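Remarks on the structure that follows.
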Amino acid sequence: MDEKTPFLGHLEELRRRLVVCAIAIGIGFAISYFFSKQLFSIFVLPLTKVLPADSSLIFTSLPEMFIAYIKVALIAGIILATPVIFYELWMFLAPALYQRERRYLVPFVLSSSILFVAGSLFGYLIVFPYGFQFFISFATEDIKALPSVKQYFSFAIRLLLAFGMVFEMPVVVFFMTKIGVINPESMKKFRKFALLGAFILSAILTPPDVATQLMMALPIIILYEVSIIISKGARRKKKEGSQ
């Protein structure tokens, strides 16, 4: 029974922190829902800007627009709650860290939040316009583009989350180096596989044109190289601290 107590304690702490995250997302959602129509207009702007004059977004079921506003508010709520989410994640992992490593709390929360938002903005501002332009280019005089709100949301949300998570690579590498899971030598060794994985991932997540795929693959490659440098610095500090 004593051996199970620490495990049950961790589960209880995880539950508490998940509840805090859910409350933070709920508050962010409540705030965002008041601006859901404005947020919706901003969210679909990359597509509406490239649509022909005789085309527009459509919805094919009665509750579809209501659900779209809910989704927009939920996404905005998650973004607003990002600092709280990363803070709770850090506090859950903190007991496994050395005392000197716990001082990274503020840099971890700030860098994780900034990188996630930066990745999402990169997808929204850079990749979306070119990707949607590629799709709309197939429209002709006889074939009009009438994209569905539901389909647009499922596609756009997937891309935004993918870019946000990809931009977290430097932070993940830093702490994985700290706990000894990876090192810069192993990252250099697997560089060619990382390059291949970057293009495979971009081919899966982005539209099937070379320009858009490069827009996702190149940031992944750059972030991988930056992560190698970060891994070197993290290991050097780890050695100095142990000495």
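Observations on the structure shown:
- For the residues Thr82, Thr140, the requirement of being at pLDDT 85 or above and not aliphatic (A, V, I, L, M) singles out Thr82.
- Matching option when the condition is more than 30 Å from Pro95 (Cα to Cα) and touching a residue at least 24 places away in the same chain (Cβ under 8 Å), among Phe34, Phe29: Phe29
- Selected residue (only one of Leu125, Leu121, Leu89 is more than 27 Å from Ala217 (Cβ to Cβ) and either surrounded by fewer than 17 Cβ atoms within 10 Å (Cβ to Cβ) or touching a Cys at 6+ places or on another chain (Cβ under 7 Å) (or both)): Leu89
- Top-ranked residue of segment 139-170 - restricted to ones that are buried (at least 17 other Cβ atoms within 10 Å of the Cβ) and β-branched (Val, Ile, Thr), ranked as farthest from the chain's Cα centre (by Cα): Val149
- Looking across segment 132-148, just one residue is in contact (Cβ under 8 Å) with a residue 60 or more places away in the chain, polar (S, T, N, Q) and outside any helix (DSSP H, G or I), and that is Ser148.
- Test: residue in segment 149-157 that is outside any helix (DSSP H, G or I), at pLDDT 80 or above and within 23 Å of Phe59 (Cβ to Cβ): no
- Conditions (1) at pLDDT 85 or above; (2) loosely packed, with under 14 Cβ neighbours inside 10 Å: number failed by Val173: (2)
Listed here are the residues, each with its yes/no results for (1) over 26 Å from Tyr87 (Cβ atoms); (2) out of contact with any His (no Cβ under 9 Å at 6 or more places or on another chain); (3) surrounded by 14 or more Cβ atoms within 10 Å (Cβ to Cβ).
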{"residue": "Leu14", "(1), (2), (3)": "no, yes, no"}
{"residue": "Arg17", "(1), (2), (3)": "no, yes, yes"}
{"residue": "Val20", "(1), (2), (3)": "no, yes, yes"}
{"residue": "Phe29", "(1), (2), (3)": "no, yes, yes"}
{"residue": "Gln38", "(1), (2), (3)": "yes, yes, no"}
{"residue": "Leu51", "(1), (2), (3)": "yes, yes, yes"}
{"residue": "Asp54", "(1), (2), (3)": "yes, yes, no"}
{"residue": "Ser61", "(1), (2), (3)": "yes, yes, no"}
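- Among (1) at pLDDT 80 or above; (2) not in a loop (DSSP other than H, G, I, E, B), the one test that Ile182 misses: (2)
- Lys37, sole failed condition from (1) closer than 29 Å to Tyr69 by Cα; (2) at pLDDT below 85; (3) charged (D, E, K, R): (2)
- Of all residues in segment 174-210 being touching a helix residue (DSSP H, G or I) at 6+ places or on another chain (Cβ under 6 Å) and in contact (Cβ under 8 Å) with a residue 60 or more places away in the chain, the one that is farthest from Arg158 (Cα to Cα): Lys178
- Boolean, Leu195 is modelled with pLDDT of 85 or more and part of a helix (DSSP H, G or I): yes
The values are calculated or read from the model by the stated rules, or taken from the named source; none is laboratory data. Note that the coordinates shown come from a computational prediction; the quantities given were computed from them, not determined experimentally. We place every Cβ from the backbone using ideal geometry, glycine too, and count neighbours over all the protein chains shown.
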